[in-house]
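Below is one structure, written out as structure tokens; comments come after it.
The values are calculated or read from the model by the stated rules, or taken from the named source; none is laboratory data. Just so it is clear, the structure is predicted and the values come from calculations on it, not from any experiment. Here Cβ is always computed from backbone atoms with ideal geometry, including for glycine, and neighbour counts include all displayed protein chains.
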Amino acid sequence: MLNKKLDIIFPPVCGVCGRIDRNSLCNKCNIQLKNQEVFGIDNYIDDYEKYYDEHLYIFMYSGVVRKILIDYKFNDCSFIYKTFTNFILKNEKFVENIKSYDIIIPVPLSKKRKKERGYNQSELIAKEICRLTNLKLNTKSLKKIKNITEQSTLNKEKRETNIKDAYCLKFPSTVVNKKVLIIDDVYTTGSTVNECSKLIKNAGSKQIGILTIAKD
């Protein structure tokens with residue numbers, strides 16, 4: 001009932017073209033995104049520099065996907081989270097992989113960054129996926145404790161240094177023997193998700209996966 005009332009006040013729109021659409025993605029733009037879809041899964045079980053086991057991603061970071069991700073993250077377009085989640089959940093095989101996890105944890109923002117932006121783009125996607133799949137959402141355990149330079153402005157070496165010790169894990173018992181899926185928006189070098197995965201792995205997680213909208 002609440003969602004219906006909110007739809008009247010704030011009609012759902014297609015996150016690509018802005019037209020009103022109850023699915024937050026019109027047919028024309030759905031075709032455009034399907035032309036860019038990858039739905040890739042990269043395995044890192046034997047990569048000892050990575051603390052996560054696999055990376056799930058929907059697109060490569062290019063074309064219209066790059067444009068709408070930039071709008072989503074930096075141009076106050078929080079509504080685009082529904083466009084992404086509705087597109088993801090149409091792929092049944094991909095959703096089954098997501099459902100194999102016990103907990104979903106979005107990459108957190110610092111308090112300062114979240115206040116500036118008004119929302120955490122990864123958390124919005126994580127919440128919607130959990131709402132529609134009945135998976136457990138955990139936004140209390142992983143916290144960002146340093147307001148660092150935006151990773152997107154740095155090269156690989158500087159990203160690894162910049163992100164070091166930027167997070168902490170509260171309530172580590174919540175991830176013990178659990179399969180944890182970490183959600184972020186874009187994967188470039190993997191420095192951010194690897195730092196988060198390190199904390200969760202060392203706390204005793206059984207398996208860690210990464211889900212991002214795009215891979216650069």
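Kindly evaluate residue 70 against the criterion of being hydrophobic (A, V, I, L, M, F, W, C) and loosely packed, with under 14 Cβ neighbours inside 10 Å. If you could, list the steps in order and put the result at the bottom.
Working: hydrophobic (A, V, I, L, M, F, W, C): yes; loosely packed, with under 14 Cβ neighbours inside 10 Å: no.
It is false that residue 70 is hydrophobic (A, V, I, L, M, F, W, C) and loosely packed, with under 14 Cβ neighbours inside 10 Å.
Exactly one condition in (1) under 20 Å from residue 194 (Cα atoms); (2) surrounded by fewer than 18 Cβ atoms within 10 Å (Cβ to Cβ); (3) at pLDDT 90 or above; (4) not basic (Lys, Arg) is not met by residue 132; state its number.
Failed condition: (1).
Could you list, in sequence order, the residues of region 135-160 that are assigned to a loop (DSSP other than H, G, I, E, B) and either modelled with pLDDT of 90 or more or within 16 Å of the chain's Cα centre (by Cα) (or both)?
So the first thing to find is which residues in region 135-160 are assigned to a loop (DSSP other than H, G, I, E, B), and the list is 135, 138-141, 145-150, 154-155.
Correct list: 135, 138, 139, 140, 141, 145.
Counting just the residues of region 11-52 that are of a type in the set (Asp, Glu) and surrounded by 11 or more Cβ atoms within 10 Å (Cβ to Cβ), which one comes out farthest from residue 192 (Cα to Cα)?
In the first step, residues of region 11-52 are kept if they are of a type in the set (Asp, Glu); the result is 21, 37, 42, 46-47, 49.
Filter once more, so that each one left must be surrounded by 11 or more Cβ atoms within 10 Å (Cβ to Cβ): 21, 37, 42, 47.
Numbers: 21: 34, 37: 23, 42: 17, 47: 16 Å.
Here the residue is 21.
Name the pairs whose Cβ atoms lie under 9 Å apart, with the first residue in region 183-209 and under 12 Å from residue 163 (Cα atoms), the second acidic (Asp, Glu) and in a helix (DSSP H, G or I), and 6 or more positions between them or separate chains?
189/160; 191/160; 194/160; 195/160
Can you report the number of residues in region 166-180 which are of a type in the set (Ser, Thr, Tyr) and either assigned to a helix (DSSP H, G or I) or at pLDDT below 90 (or both)?
Filtering region 166-180 down to residues of a type in the set (Ser, Thr, Tyr) leaves 167, 173-174.
With the extra rule that they be either assigned to a helix (DSSP H, G or I) or at pLDDT below 90 (or both), the set shrinks to 173-174.
Within region 166-180, residues that are of a type in the set (Ser, Thr, Tyr) and either assigned to a helix (DSSP H, G or I) or at pLDDT below 90 (or both) number 2.
Tell me which of these residue 89 doesn't satisfy, since it passes every other one: (1) at pLDDT 95 or above; (2) under 17 Å from the mean Cα position of the chain (by Cα).
(1)
State which residue is farthest from residue 86 (Cα to Cα) when the search covers only region 97-138 and only residues that are touching a Lys or Arg at 6+ places or on another chain (Cβ under 8 Å) and hydroxyl-bearing (Ser, Thr, Tyr).
Among them, the one singled out is 110.
Which residues, taken from region 1-45, are β-branched (Val, Ile, Thr) and modelled with pLDDT under 90? Show your work before the answer.
Residues of region 1-45 β-branched (Val, Ile, Thr): 8-9, 13, 16, 20, 31, 38, 41, 45.
Scanning region 1-45 gives 8, 9.
From the list 144, 114, 127, which one is in contact with a Pro (Cβ under 9 Å, 6 or more places away or on another chain), within 23 Å of residue 77 (Cα to Cα) and surrounded by fewer than 17 Cβ atoms within 10 Å (Cβ to Cβ)? Please lay out each step first, then the result.
Working: 144 fails: surrounded by fewer than 17 Cβ atoms within 10 Å (Cβ to Cβ); 127 fails: surrounded by fewer than 17 Cβ atoms within 10 Å (Cβ to Cβ).
The match here is 114.
Which pairs do you get when a residue that is within 21 Å of residue 163 (Cα to Cα) and touching a residue at least 24 places away in the same chain (Cβ under 8 Å), found in region 92-120, comes within reach of a residue that is in a loop (DSSP other than H, G, I, E, B) and among the hydroxyl-bearing types (Ser, Thr, Tyr), reach meaning Cβ atoms under 8 angstrom, with the pair 6+ apart or on two chains?
105/139; 105/141; 106/139; 108/139; 119/78
In region 53-65, which residues are surrounded by 15 or more Cβ atoms within 10 Å (Cβ to Cβ) and over 10 Å from residue 213 (Cα atoms)? Even if it seems obvious, please write down each step before you answer.
Applying the first criterion (surrounded by 15 or more Cβ atoms within 10 Å (Cβ to Cβ)) to region 53-65 yields 53-61, 64-65.
Matches in region 53-65: 53, 54, 55, 64.
Could you identify the single residue in 183, 200, 163 that is closer than 18 Å to residue 109 by Cα, modelled with pLDDT under 95, in contact with a Ser or Thr (Cβ under 9 Å, 6 or more places away or on another chain) and surrounded by 13 or more Cβ atoms within 10 Å (Cβ to Cβ)? Steps first, answer last, please.
Working: 183 fails: modelled with pLDDT under 95; 200 fails: modelled with pLDDT under 95.
Exactly one residue qualifies, and that residue is 163.
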